[in-house]
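S.K.: There's a structure below that I have some questions on.
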Amino acid sequence: MDMKNISLAKLREALDQRKLSAREATEFYLKRIKEYDADLECYITVTEEKALEQADKAQKRIDEGKASALTGIPMAIKDNICTEGVLTTCSSEMLEDFVPPYNATVMQKLEDENIVMLGKVSLDEFAMGGSTQTSAFKKTKNPYDKSRVPGGSSGGSASAVGADLCAAALGSDTGGSIRQPSSFCGVVGLKPTYSRVSRYGLVAFASSLDQIGPLARSSRDCAVILNSICGFDMHDGTSSRREVPDFTAKIGQDIKGLKIALPKEFYEEGIDDEVRKCVLKAADDLKAMGATIVNCSMPSLKFAIPAYYLISSAEACSNLSRYDGIKYGHRSAVGESYEDLIKNSRSEGFGDEVKRRILLGNYALSSGYYDAYYGKAMALKQLIRKEYNDIFEQCDVVLTPTAPTTAYKVHENISDPVKMYQADFCTVTVNIAGLPAVSTPCGYDKQGLPIGMSIIGKQFDEQTVIQVADAYEASFERVLPKL
């Protein structure tokens, strides 16, 4: 059977009806990885032997009639999610040889369902970046144009899904790291409400912002994966004790009467004309389906980037202080004193972008600057949350562009960190406010590059976000990359 661009639902049906075995599905993706990944550089580690073993184990469960939604589904895992016995590098020389002795909670949940892990995919180093070009090992390319970036930090995940090198993938999102690469690579990426998914075993970047989520070919596929990875975890004190609903429950329901907010600041200066027109056309399409479009304002958006980078960098410098060459991470062979050993280990192990974030975070937290920078950023966090709450008193979801542009050239912005940071303004407020959001394709620019739109929901209302995205996807024709 033809497995190209197959949805999880169709793959599940094929496996359950014995039209396809779990091993055959796994071999299909392993073959494509061998054929295309040398150019795309999605995978840091391909776990072929383990994947085939898992496929055979999954097939036994299928044959016994005990298959769950993800049994036998071949997936890729972002390389900052701990996998027992499998290299987990965070795309950093600091963790070049790190093999975790345990699974992240999400990985354990997936393994309990007998998924097939094809391997670990690349990211910006320690998830810090928007291009996957800060990776120390694999600088992933965009499947629509290999001269362009896939976005980041979950660029390996998005490119692998877009290029059909896996059925779906897991990523992590701290300021847009699932949604922005999904937009660039023409796939669907879902960032759940903060605390919806356990962060235990996710190598920390900014602990109050990080969240694990799925990337797939549709919001429906993302919902299926989200059903499997959510829930309270005793290992993560921030994980929610709320009952986990069926995230597919509203799929197929009419969106007539739903109110969709369009904050004007997301459509003004800084947004490419083609992107703006495409997202506004999608808004018109949703209106034609019966939704009501509500124009509104979010004045704090202009402060979102500095607030986000101060908060995230402050938390990053704290989280990364453990990598000193003694307790964790790369240990330098040079250093006559304790201080020299730590300095050399960190200098050798961390890349430029990670060092930049550490310096920014330490500066923001230093005596005399804490109130002026970090304190004000935290006050802005509350303001951003309030503005979203005000909008949600009148509306069900918010619609915005996912990124201000389509994918840019590989070396275009890498030497201009400020320009790179500014490109995140469409996504960071979602993390600051702890909200769920999905990015789904809504068109293509004149060069054939994908354009994504984001549907943002109320806290813990992933169901409505998925409902709206699925309604739009039903009438949207996706253009596949030509590899």
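S.K.: Between the stretch 17-80 and the stretch 99-116, what is the C-alpha centre distance in whole Å?
M.R.: Taking the Cα centre of each part, the stretch 17-80 and the stretch 99-116 sit 14 Å apart.
S.K.: So in the chain, what percent of DSSP beta bridges are antiparallel if you round to the nearest 5?
M.R.: DSSP beta bridges in the chain are roughly 65 percent antiparallel.
S.K.: Quick one: which residues, 5+ away or cross-chain, put their amide H under 5 Å from the amide H of residue 452? H built at 1.01 Å from N.
M.R.: It is 402, 403, 442, by chain and number.
S.K.: Go through the stretch 423-483 and name the GluC sites (Glu not before Pro) that are in a DSSP coil and have 16 or fewer other Cβ atoms within 10 Å of their Cβ.
M.R.: 477
S.K.: Relative contact order (percent) for the stretch 250-394, with alpha-carbon contacts under 8 angstrom and 6 or more residues of separation?
M.R.: Reported relative contact order: 26 percent.
S.K.: Follow-up question, since we're still on this one. Hey, with R₀ at 51 Å, roughly what FRET efficiency would residue 13 and residue 336 work out to, going by the Cβ-Cβ distance, to 0.05?
M.R.: 0.20
S.K.: Between rounded, prolate and oblate, where does the stretch 188-335 land on the alpha carbon gyration tensor, with a ≥ b ≥ c its root eigenvalues, rounded for a/c under 1.5, else prolate if a/b exceeds b/c?
M.R.: Oblate, since a/c reaches 1.5 and b/c is not below a/b.
S.K.: Suppose accessible area is computed on protein heavy atoms with a 1.4 Å probe; arrange 420, 378 from highest to lowest.
M.R.: Most to least solvent-accessible, the answer reads 378, 420.
S.K.: First compute the accessible area of the chain with a 1.4 Å probe, then give the percent of it belonging to carbon and sulfur atoms.
M.R.: Result for the chain: 49 percent of the exposed heavy-atom area is carbon or sulfur.
S.K.: Taking amide hydrogens as modeled 1.01 Å from N in the peptide plane, which residues meet the under 5 Å criterion relative to residue 296, leaving out close sequence neighbours?
M.R.: The answer is 262, 264.
S.K.: Taking amide hydrogens as modeled 1.01 Å from N in the peptide plane, which residues meet the under 5 Å criterion relative to residue 198, leaving out close sequence neighbours?
M.R.: So residue 198 has HN proximity to 231.
S.K.: Enumerate by residue number the trypsin sites (Lys or Arg not before Pro) in the stretch 198-246 meeting two conditions: DSSP loop (anything except H, G, I, E, B), and at most 13 other Cβ atoms within 10 Å of the site's Cβ.
M.R.: Those that pass, being in a loop and sparsely packed, are 241.
S.K.: So what J values fall out for the stretch 289-294 if you push phi through Karplus, 6.51 cos²θ - 1.76 cosθ + 1.60 with θ = phi - 60°, rounded to Hz, Gly and Pro as x?
M.R.: Running phi through 6.51 cos²θ - 1.76 cosθ + 1.60 with θ = phi - 60° gives 7, x, 6, 9, 8, 10 Hz.
S.K.: Now for a separate question. When only alpha-carbon atoms count, how far does the chain stretch along each of its three principal axes, as whole angstroms with the largest first?
M.R.: For the chain, the Cα extents along the three principal axes come out at 65, 53, 45 Å.
S.K.: Explain nothing, just compute: Karplus ³J(HN,Hα) = 6.51 cos²θ - 1.76 cosθ + 1.60, θ = phi - 60°, for every residue of the stretch 473-483 in order, whole Hz, x for Gly and Pro.
M.R.: Those phi angles translate into 4, 4, 10, 9, 9, 7, 9, 7, x, 9, 7 Hz.
S.K.: Right, something else. Which entries in the list 264/386; 302/409; 34/120; 191/250; 250/458 go over 20 Å, if you measure between the two C-alpha atoms of each?
M.R.: 302/409
S.K.: How many Å² of accessible area per residue for the chain, probe 1.4 Å?
M.R.: Spelled out: the 1.4 Å probe surface of the chain, per residue, equals 39 Å².
S.K.: Within a Cβ distance under 9 Å of residue 406, other residues only, what is the Lys/Arg minus Asp/Glu net charge?
M.R.: -2
S.K.: Put +1 on the Cβ of each Lys and Arg and -1 on the Cβ of each Asp and Glu in the chain; which of 267, 107, 51 then has its Cα farthest toward the positive end of the dipole?
M.R.: Checking the options against the dipole of the chain, the answer is 267.
S.K.: What relative contact order, as a whole-number percentage, does the chain give when Cα pairs under 8 Å and 6 or more residues apart are counted?
M.R.: Value for the chain: 17 percent.
S.K.: Another question, if that's okay. Please sort by residue number the GluC sites (Glu not before Pro) in the stretch 298-375 whose DSSP state is loop and whose Cβ has at most 11 other Cβ atoms within 10 Å.
M.R.: 336
S.K.: Please list, in order along the stretch 417-428, the HN-Hα scalar couplings obtained from phi with the Karplus expression 6.51 cos²θ - 1.76 cosθ + 1.60 (θ = phi - 60°), rounded to whole Hz, x for Gly and Pro.
M.R.: x, 5, 5, 5, 5, 4, 5, 8, 5, 6, 10, 5
S.K.: What is the calculated FRET efficiency for residue 281 to residue 415, with r their C-beta to C-beta distance and R₀ = 30 Å, to the nearest 0.05?
M.R.: The value I calculate is 0.30.
S.K.: Okay, moving on. With a/c under 1.5 counting as rounded, go ahead and sort the stretch 26-116 into rounded, prolate or oblate using the C-alpha gyration tensor (a ≥ b ≥ c being the square roots of the eigenvalues; past the cut-off, prolate if a/b is larger than b/c, else oblate).
M.R.: Taking the square roots of the gyration eigenvalues as a ≥ b ≥ c, the stretch 26-116 is oblate.
S.K.: Once every DSSP H run of n ≥ 4 in the chain is given -39500 (n - 2.57) and the sum is divided by its residues, what mean residue ellipticity at 222 nm do you get, rounded to the nearest 500 deg cm²/dmol?
M.R.: After summing the helix terms and dividing by the residues of the chain, the value is -11500 deg cm²/dmol.
S.K.: Further question: Tell me the net charge near residue 292. Cut-off is 14 Å between Cβ atoms, residue 292 excluded, with +1 for each Lys or Arg and -1 for each Asp or Glu.
M.R.: Residues close to residue 292 contribute a combined charge of -1.
S.K.: Mind running the shape call on the stretch 153-257? Use the C-alpha gyration tensor, a ≥ b ≥ c as the square roots of the eigenvalues: rounded below 1.5 for a/c, prolate if a/b tops b/c, oblate otherwise.
M.R.: Judged from the Cα gyration tensor, the stretch 153-257 comes out oblate (a/c at least 1.5, b/c at or above a/b).
S.K.: Taking +1 at the Cβ of each Lys and Arg and -1 at the Cβ of each Asp and Glu, which of 201, 452, 152 sits farthest along the dipole of the chain towards its positive end, judged by Cα position relative to the Cα centre?
M.R.: Final value for the positive-end residue is 452.
S.K.: Dipole magnitude of the chain about its Cα centre, charges +1 at Lys/Arg Cβ and -1 at Asp/Glu Cβ only, in debye to the nearest 20?
M.R.: Once rounded to the nearest 20, the dipole reads 560 debye.
S.K.: Let me ask you something else. In whole Å, how far is the Cα centre of the stretch 163-237 from that of the stretch 238-292?
M.R.: That distance is 19 Å.
S.K.: Using only Cα atoms, locate the centre of the stretch 325-350 and the centre of the stretch 351-378, then give the distance between them in Å, rounded to an integer.
M.R.: 23
S.K.: Go through 253, 219, 142 and say which Cα lies farthest out towards the positive end of the charge dipole of the stretch 128-286; charges sit on Cβ, +1 for Lys and Arg, -1 for Asp and Glu.
M.R.: Selected residue: 142.
The values are calculated or read from the model by the stated rules, or taken from the named source; none is laboratory data. On a predicted model such as this, the values are computed, not experimentally measured, just so you know. Note that each Cβ is placed from the backbone with ideal geometry, even for glycine, and that neighbours are counted across all protein chains shown. Heavy atoms of the whole protein, side chains included, go into the accessibility calculation; ligands, DNA and RNA do not. Shrake-Rupley method; radii C 1.70, N 1.55, O 1.52, S 1.80 Å.
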